[in-house]
Amino acid sequence: MAKAYSKKCNSLEDTKVLANKFAKLVLNGCFVSLYGEIGAGKTAFVKLVADALEVKEHVTSPTFVILNEYHSGLIPMYHFDLYRLENEGVKTITDELREYSEGKNLTFVEWAEFSQNEMPFDHLKINVTYSDDDSRIYTFEYIGEDKNNIVEGLMGC
């Protein structure tokens, strides 16, 4: 059974602390599916993780380009956005998604709900939700065999 960890972030500083802890746990690579409403904080989290990984490039949302690549940090980082592809378009990049799940890379996929479960390989699922007090709740769940113990590492922080 998959373990899950939830963390409520009341401020951008709280989110930065969480992103820094997360970055330390994914140095061996990880494929991350991001879920959440528009404006929930998916891209903000990716930017903060990129900062923690010392990415030098300006990190932006890949909504209109589908994929942004960053090679200046501690590990290569890839940032997909499936929103504009929607259901049918995702089928055209399934092989690429699988390739980006391998090796010592950090790959983020925003709007993973459009993947129609085309991610059968091991990956970390992060769901970002709003709380009533305008804070954010980040829920982490590893799908598959979490060799890096990312969720357990976050639990211990």
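General observations
- Residues of the range 45-69 with amide N under 11 Å of a point placed 7 Å along Cα→Cβ from Asp133: none
- Helical runs (DSSP H, four residues minimum) scored at -39500 (n - 2.57) apiece and divided by the length of the chain put the mean residue ellipticity at 222 nm at -7500 deg cm²/dmol.
- Counting Lys and Arg as +1 and Asp and Glu as -1 over every other residue whose Cβ lies under 9 Å from the Cβ of Pro62, the net charge comes to -2.
- Under 11 Å, Cβ to Cβ, from Lys7 - net charge with Lys/Arg +1 and Asp/Glu -1: +2
- Here each label is just a point 7 Å from Cα along the line to Cβ, and for Asn28 and Glu54 those points are 2.1 nm apart.
- Long pairs among Lys47/Lys125; Lys21/Lys56; Lys8/Lys104, criterion Cα-Cα beyond 22 Å: Lys8/Lys104
- Förster radius 30 Å - calculated FRET efficiency between Asp95 and Asn20, Cβ distance, rounded to 0.05: 0.35
- Hydrodynamic analysis of the chain uses the Kirkwood radius over alpha carbon pairs. Inserted into Stokes-Einstein at 25 °C and 0.890 mPa s, it gives a translational diffusion coefficient of 158 µm²/s.
FYI, it's all coordinate maths here, none of it is from the lab. As the structure is a computational prediction, the values presented were derived from the model and not from experiment. Note: ideal-geometry Cβ built from the backbone for every residue, glycine included; neighbour counts use all protein chains shown.
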